[in-house]
Amino acid sequence: MTRFANPKKFYNLSQKLIPILGITTLLFFAIGLYFALFHSPADYQQGESVRMMYIHVPAAWFSTLIFVFMATMSGVAFVWRHPLADLLAQEAALIGAIYTSIALITGSLWGKLAWGAYWVWDARLTSVLILLFLYIAYLALKQSMQDKPIASKMLRLLALIGLLNIPIIKGSVQWWTTLHQPPSIIRSLGISIHMSMLIPLLLMAAAFGLFFLTILLMRTQTRLLNIKTIALLKKQDQLDDPSLAA
Amino acid sequence: MTHPLLLSLAYASCFILLTGLLFKTYKKRREAQKKFENVSKKLK
Amino acid sequence: MHIFSALLKHEFLLLTRNKEIFFTLLLFFGLSLFLFPFALSSDATLLKSFGPGLLWVITIFTILSSVESFYKKDNDNSLLSFYYIQKTPFILVFFTKIIAHFCLMISILMIILPLFGLFFGLELKSIVILSASLLLGTPPLITLIHFAIALTLSTQKTGMLVLVIVLPFIIPILIFGVGTVTFYETGQTLKQPFMFMAAIFLFVFAFVPWIAAYALKESARQ
């Protein structure tokens, strides 16, 4: 791991990886979509609407996973003071927010099919909504701090505390919905799911994961480039103005 | 609304968001690369 | 300990010197509660079931609207930078602010609660349970809100940002806080929601003050 922690090495490595990752992502999306839309059976209970699962569930999985990733990277940055970990955490946030929005939109459309209403205060959907607020909080803080050196310190803290908060949110929302007992039709995905549905689901999950990695590397590269450009501009100023160099 | 309409709406919104993100990221990276090249050229 | 009492004295001096805050908040709290029967309905059973939730939400907004006053003076006098130079432990600074804010909120709630019970038709027992849940819920609530403002202190505009940051963190407290009264009204045992609230209380105080103190220190360093 530490080999790639050097920003320059990371930049060169990701330069090579991005095209490969991009093509694999496209491949996985193509095969996954073919399976999800044409080559998988309709559910015996939900009929064709079960196809909503193949985008909703991967997006929902990754919405939590990306936050865990952000918090892990923040922890790494906090302990070992590594700037690259900060960049990875910060650039993952927008992707996480987009995935969470996808999970919410598809979940709400699925809800229309299953419950007949676009929004029901179901435990799963509600905790995804609160997770979206968590992402928005992170992005708002990032936005308001601009690129001050203190920004990454504060963002680390928010990501770490946010991670601790996720199980509390899940638990409390679960408790709250059993208090009012709405119907729950998006059933929990146990091991009992049939192979013919599991294959497209896993393919789509892999595609979502690869897409996340591709975008993350691209965004982190952009940040590294911007940092380099600023450093160069500073150097130029010093050359123009000798009094600053001394 | 019917199943196919809602399903296609879900898939469409999903992929519009994803391609939007990809496009924005690509554009930003392109701009950063151009700016970096310009600045490093000037320095030489 | 000497530093702690000095800091505490400072916070309370600020509060007593600025009585406006207290009366503004009291008025805000009372008037917003007063509006709801007109907005919803004067139906006694409806008021009874909505009341505790409204009280909790308005408590949150009152804390949010008053939190900035605890930092504005310090920022103007660059007192935090002074603490930083003096190597004052920031955990003490943070705790004194929380204690002062808690006392402010409790004094407001003590005036509001009897009136609230009267106008929303809650029995004495419900009011007692509501007060207990508030007593257990407001300290972590205030801690989280002060944590949010400690994060944003280095930016100029804090108001909306604090609300956005703190929202996902206070939802569990709100759920269990209102849940206690709902449990009582439906005749269930109160042990469960109060256990959850106590767990949240301990959890918040185990982590958040230290992190918030670190954030305060880092913003003071600037």
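Which value, in debye to the nearest 20, describes the size of the charge dipole of the range C:2-221 about its Cα centre when Lys and Arg Cβ atoms bear +1, Asp and Glu Cβ atoms bear -1, and nothing else is charged? Dipole of the range C:2-221, to the nearest 20 debye: 460 debye. Counting Cβ atoms of other protein chains within 10 Å of each Cβ in A:47-55 and taking the mean gives 4. Listed by chain and number, the lysines placed with their C-alpha closer than 28 angstrom to that of C:LYS19 are C:LYS9, C:LYS72, C:LYS73, C:LYS97, C:LYS157; residues fewer than eight positions away on the same chain are left out. Of interest is the spacing of the C-alpha centroids, which for the range C:171-222 and the range C:116-169 amounts to 10 Å.
Centroid-to-centroid, using Cα positions, the range C:1-23 and the range C:27-73 are 26 Å apart.
Could you work out, residue by residue across A:143-153, how many beta carbons of other chains sit within 10 Å of that residue's beta carbon, and then give the average as an integer?
Working: counts 2, 9, 5, 1, 0, 3, 3, 9, 2, 0, 7.
Per-residue shielding by partner chains comes out at 4.
Checking the cross-link filter: which aspartates and glutamates have an alpha carbon closer than 13 Å to that of B:LYS28, excluding same-chain neighbours under 8 positions apart? Straight-line reach from B:LYS28, under 13 Å: A:GLU91. Note on chain C: helix-only mean residue ellipticity at 222 nm, from DSSP H runs of 4+ residues weighted -39500 (n - 2.57) and normalised by residue number, equals -30500 deg cm²/dmol.
Hey, what number do you get for chain A at 222 nm if only DSSP H runs of n ≥ 4 count, each worth -39500 (n - 2.57), divided across all residues, to the nearest 500? Mind dumping the intermediate values first?
Numbers: 7 runs with 197 residues, N = 246.
My calculation for chain A gives -28500 deg cm²/dmol from helical runs alone.
Apply the a/c threshold of 1.5 to the C-alpha gyration tensor of the range A:1-93 and tell me whether it is rounded, prolate or oblate. Oblate is the answer for the range A:1-93, as a/c is 1.5 or above yet b/c matches or exceeds a/b. Scattering from chain C was approximated by placing one identical point on each alpha carbon and applying the Debye formula without solvent; log10 I(q)/I(0) at 0.15 1/Å stands at -0.99. Taking A:ALA85, A:ALA114, A:ALA97 in turn, the Gaussian network model of chain A (Cα-Cα springs below 10 Å) assigns the largest fluctuation to A:ALA114.
Look at the stretch A:221-228: the mean tally of other chain Cβ atoms within 10 Å of its residues' Cβ atoms is 5. Reachable aspartates and glutamates from A:LYS16, Cα under 13 Å, same-chain residues fewer than 8 places away excluded? Those aspartates and glutamates meeting the cut-off do not exist here. Averaging the sequence gap over all C-alpha pairs within less than 8 Å and six or more residues apart, then dividing by the number of residues, gives the range C:2-221 a relative contact order of 28 percent.
Does the protein assembly as shown classify as rounded, prolate or oblate by the C-alpha gyration tensor (a ≥ b ≥ c root eigenvalues; a/c under 1.5 gives rounded; else a/b over b/c gives prolate, otherwise oblate)?
oblate
Calculated translational diffusion coefficient of the range C:9-61 (37 °C, 0.692 mPa s; Stokes-Einstein with Kirkwood radius over alpha-carbon pairs) equals 257 µm²/s. Sparse packing (at most 16 other Cβ atoms within 10 Å of the Cβ) combined with a DSSP loop state is found for the following trypsin sites (Lys or Arg not before Pro) in the range A:1-82: A:ARG81. For the range C:118-222, which chymotrypsin sites (Phe, Trp or Tyr not before Pro) pass both filters: DSSP loop (anything but H, G, I, E, B) and at most 15 other C-beta atoms within 10 Å? Hits after loop and neighbour filter: nothing returned.
In the protein assembly as shown, a dipole from Cβ-located charges (positive for Lys and Arg, negative for Asp and Glu) runs towards its positive end, and of A:PHE29, A:ALA97, A:LEU131 it is A:PHE29 whose Cα lies farthest in that direction. Between C:SER42, C:SER81, C:SER154, the GNM of chain C built on Cα springs shorter than 10 angstrom shows C:SER42 fluctuating the most.
Read-outs: derived from the displayed coordinates by stated rules, not from any lab. Everything quoted here is computed from the prediction, not taken from an experiment. Here Cβ is always computed from backbone atoms with ideal geometry, including for glycine, and neighbour counts include all displayed protein chains.
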